[in-house]
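Encoded as structure tokens, the structure appears first; notes follow it.
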Amino acid sequence: MKKKISKILAVLLSVFVLFSSMPITALAALTEGSKYSYTEKYLDAYYSTGTWQTADGHTHNNSGQVALRNLKSTGEPLYCIQIYEGCTGADAMAVNIESTNLWDRELTQIAKNGITRVSIYGYDGSSVSTYGYHWSDAQLATQVLLWEFEMGKRGQFGYT
């Protein structure tokens, strides 16, 4: 009887430890197809991509002011993947990136791998992952990395 209780307690404790160490953002996953409200904070920073070409041959040239976007409900960061697609309004629909034309036709495999890694290791809204930097700096760095992979500027030197 004691062994049975010990095993049950061990399982319950393991589940508790597993869930208590999970970041909150993992528990607040977006539902594909649902609309979410977000806030925008424009930085005193501007970008210019110059002329660049996607894997499917489209040529782009874009510039603008950098904005950080966060979910209104949780404060989690939202990231722009396509630097040449502007946002309008304060609502966005959650989409599986792998079902978009961008993922399917425009990105190289190196860009897909890079975007996936940045999505995993980039700033997720928790103060623990800023490595001593202000949250807005960590969020901006994550955004810039995503854009660099999307434009083919990162990964051109053998990164896979």
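The values are calculated or read from the model by the stated rules, or taken from the named source; none is laboratory data. Bear in mind that the values here come from a model prediction, so they are computed numbers and not experimental data. Neighbour counts run over all protein chains shown; Cβ positions are idealised from the backbone, glycine included. The protein model used for the area step is the full one, side chains on, heavy atoms only, and it has no ligands, DNA or RNA in it. Shrake-Rupley method; radii C 1.70, N 1.55, O 1.52, S 1.80 Å.
As a fraction of the 1.4 Å probe accessible area of the stretch 41-160, surface on carbon and sulfur atoms comes out at 50 percent. Using the Cβ-Cβ distance between W103 and S63 with R0 set to 25 Å, the FRET efficiency from 1/(1 + (r/R0)^6) comes to roughly 0.55.
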